Amino acid sequence: MISEKYSNLNEVVAELKKDYQNNLPFPNIYLDNFFDESFLNEVLEEFPSIDKLKEKIHFSNPNENKLATKGEHNFGDKTKRLVHYLNSQPFLEFLQELTGIEETLIPDPYFEGGGYHEIKPGGFLKLHVDFHMHRSMNLSRRLNLLIYLNQDWEEEYGGYFELWEKDMSKSVVKILPIFNRIAIFSTTGDSWHGHPDPLTCPEDRSRKSLALYYYTNGRPENELDKSSQKRITTTFKERKGIDNSQMKTYNFMVNTANKILPKSVIRFLKSKRNT
C-alpha cells in the first residue's frame, strides 16, 4: 500500500518531522508518490461520480462549490483498506511523531467533513479555517491529510491547494493536486487554506481527493481564542481586493446566524443535501 520509498515510516519520520514542524506559514508538508501507484490506481477506479449518488452533499454558496460524501457507505473495498490503514495505530504513531502534537491523536471513523471530495470545472473552496470540534465525538480537530487522485493534471487546470499567511496577507504555499501527492497540515485558529480560485480544467475532468481528519481530547489553549474553542462550523474569509463583496456579506450573515440559530439550520443554509 505504501510505496517502497516511504515503507519504513520510522526512518521516514525522523527525516521529515523537522521540516513539517518548521514549515511556514504553519506546520505542513506535502509528499509525492507516497502510495504504491498500482494500489492507488485501484482506489481511483472506485471513486464515484458524486453528483450521481443518491446520498451526497453539494456545498453551493459564495464560499464553496464542491461535492462531498459522508461516512464509508460509498467507499469501495480498496478505499476502505486505505482509509482503515490511515486510521490505524502504526500510521497514527507516524503522524504523532511527524507533527509533534503531544495529545494522543484520534481518527474519525465517521468521516465528518472528510471522505470523497470532488470539485467540478468552475468550482472552488475559498480560504477558511476548519471547524474546531467534532460535533458528535466532542473532540478537537488538529490535523488534516489530503490525498490527491488526479492523473495527468496540468498546471493550466488550476485547483492549487493554498496555505496563506496567518494574517491572510499572501499565499505562502501552492500545491498542485497531482495524482499520488499527499498534503498534511495542522489546523488552528489561523491556519488559512483552501482552493480559492475557480477550477479551469476541461469539462470532462474534475478535481478528486480523499480527506482524513484527526482529533485530540483537548488542545493547547494558545491555538484558539476562547470564543471559538467549540466552533463546529467552518470559518471563511475573503481575500482583500480579490474576492467579491457578496462573499463578505454572506459571511457576515452566517457569522451572525451562528450566534442565534441552531447549528442544524446553519448546515442546511450552507449546503444542498440529497439523501
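The values are calculated or read from the model by the stated rules, or taken from the named source; none is laboratory data. Predicted, not measured: the structure shown is a model, and the values here were computed from it. Cβ atoms come from the backbone with ideal geometry, glycine included; neighbour counts cover every protein chain shown.
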Exercise. Which numbered condition trips up R135, out of (1) in contact with a His (Cβ under 7 Å, 6 or more places away or on another chain); (2) surrounded by fewer than 20 Cβ atoms within 10 Å (Cβ to Cβ); (3) basic (K, R)?
Worked result: (1)
For this session: Could you check, for segment 75-90, whether at least one of its residues is acidic (D, E) and either modelled with pLDDT under 95 or over 26 Å from N22 (Cα atoms) (or both)?
Result: yes
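Condition check ((1) surrounded by 12 or more Cβ atoms within 10 Å (Cβ to Cβ); (2) in contact (Cβ under 8 Å) with a residue 40 or more places away in the chain; (3) β-branched (V, I, T); (4) under 30 Å from N251 (Cβ atoms)) across all residues:
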| position | (1), (2), (3), (4) |
| --- | --- |
| I2 | yes, no, yes, no |
| E15 | no, no, no, no |
| Q21 | yes, yes, no, no |
| P27 | yes, yes, no, yes |
| F35 | yes, yes, no, no |
| L40 | yes, yes, no, no |
| L44 | yes, yes, no, no |
| I50 | yes, yes, yes, yes |
| N61 | yes, yes, no, yes |
Exercise. Got a sec? Which of K18, K54 is outside any strand (DSSP E or B) and closer than 24 Å to F185 by Cβ?
Worked result: K18
For this session: Using the structure shown, decide if K66 is out of contact with any helix residue (DSSP H, G or I) (no Cβ under 7 Å at 6 or more places or on another chain), basic (K, R), surrounded by 15 or more Cβ atoms within 10 Å (Cβ to Cβ) and part of a loop (DSSP other than H, G, I, E, B).
Result: no
Exercise. Which residue pairs have Cβ atoms closer than 6 Å, lie 6 or more positions apart in sequence or on different chains, and pair a first residue in segment 209-230 that is free of Cβ contacts under 8 Å to residues at least 60 places away in the same chain with a second residue that is buried (at least 16 other Cβ atoms within 10 Å of the Cβ) and not hydrophobic (A, V, I, L, M, F, W, C)?
Worked result: E223/T188
For this session: Of all residues in segment 132-190, count the ones that are of a type in the set (D, E), under 14 Å from the mean Cα position of the chain (by Cα) and assigned to a loop (DSSP other than H, G, I, E, B).
Result: 0
Problem set entry | Scope segment 69-110; condition of a type in the set (D, E), touching a Lys or Arg at 6+ places or on another chain (Cβ under 7 Å) and not in a helix (DSSP H, G or I); matching residues | E72, E103
Exercise. Which residue out of I50, I57 is under 30 Å from E238 (Cβ atoms), of a type in the set (A, V, I, L, M, F, W, C), in contact with a strand residue (DSSP E or B) (Cβ under 7 Å, 6 or more places away or on another chain) and at pLDDT below 95?
Worked result: I57
For this session: Quickly run through segment 195-227 and pick out the residues that are closer than 22 Å to N28 by Cβ, modelled with pLDDT of 95 or more and acidic (D, E).
Result: D197
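Those residues that are among the polar types (S, T, N, Q), more than 26 Å from N61 (Cβ to Cβ) and either part of a loop (DSSP other than H, G, I, E, B) or touching a Ser or Thr at 6+ places or on another chain (Cβ under 6 Å) (or both), I need them from segment 212-241; list them, please.
T216, N217
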For this session: Would you tally the residues in segment 109-127 being surrounded by fewer than 20 Cβ atoms within 10 Å (Cβ to Cβ), of a type outside the set (F, W, Y) and at negative phi?
Result: 4
